[in-house]
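To keep things clear, I will list the structure first and then write my remarks on it.
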Amino acid sequence: MAFVVTESCIQCKYTDCVNVCPMACFYEGPNFLAIDQSQCIDCAMCVTECPVKAILHESELQPDQRHFIELNHTLATRSGWKRITRPTSPLPEHEKWAAVANKLALLQTSWKPD
Ligand code: SF4
Ligand code: F3S
């Protein structure tokens, strides 16, 4: 069991979470971060850092959020995303997107244009 990043991160990407992770679990995509669960030690330090409460423990996920387990794994380990260990600026329209609920269709899995 481990923690995963969920939908609220999409289009916001605040990156406060990476600042506290002792295991450097986070991998960066264009508009989302993913946790490599194989590295996560369940310390929960990242949870309270996220301004939009995007990070949840696997055991807390609602049935319609459970696909984020596999999504985090795939994006962190098989998508060419790079490890991120220092925070960066949030995405330009983060304040607007923080209030939007259904953003999964906007998730960009590649740094290259689709
Ligand atoms: Fe890193 Fe701890 Fe968050 Fe896991 S729970 S991603 S080890 S800060
Ligand atoms: Fe995303 Fe929250 Fe981290 S918005 S980048 S999970 S601080």
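The values are calculated or read from the model by the stated rules, or taken from the named source; none is laboratory data. Just so we're clear, the structure is a prediction, and the values are computed from it rather than from any experiment. Because the Cβ atoms are built from the backbone with ideal geometry, glycine has one as well, and the counts that use them run over all protein chains shown.
Some notes on this structure:
- Any hit, region 2-23, residues being part of a strand (DSSP E or B), among the acidic types (Asp, Glu), closer than 14 Å to residue 86 by Cβ and more than 8 Å from ligand 1 (Cβ to nearest atom): no
- The one condition in (1) touching a strand residue (DSSP E or B) at 6+ places or on another chain (Cβ under 8 Å); (2) within 15 Å of residue 10 (Cβ to Cβ); (3) loosely packed, with under 14 Cβ neighbours inside 10 Å that residue 83 fails to fulfil: (2)
- Residue check for residue 32: closer than 16 Å to residue 108 by Cα, in contact with a helix residue (DSSP H, G or I) (Cβ under 8 Å, 6 or more places away or on another chain), modelled with pLDDT of 95 or more and more than 14 Å from ligand 1 (Cβ to nearest atom): yes
- Counting only residues that are within 13 Å of the chain's Cα centre (by Cα), closer than 12 Å to residue 4 by Cβ and surrounded by fewer than 16 Cβ atoms within 10 Å (Cβ to Cβ), region 19-64 holds 1 of them.
- Of the set (1) out of contact with any Leu (no Cβ under 8 Å at 6 or more places or on another chain); (2) within 11 Å of ligand 2 (Cβ to nearest atom); (3) in contact (Cβ under 8 Å) with a residue 60 or more places away in the chain; (4) not acidic (Asp, Glu), all apply to residue 51 but (3).
- Residue match in region 100-107 (condition: part of a loop (DSSP other than H, G, I, E, B), basic (Lys, Arg) and surrounded by 13 or more Cβ atoms within 10 Å (Cβ to Cβ)): yes
- Tally, over region 26-46, of residues that are more than 9 Å from ligand 2 (Cβ to nearest atom), touching a residue at least 40 places away in the same chain (Cβ under 8 Å) and outside any strand (DSSP E or B): 6
- Taken over region 5-31, the criterion of being of a type in the set (S, T, N, Q) and within 18 Å of residue 98 (Cβ to Cβ) is satisfied by 6, 8, 11, 15, 31.
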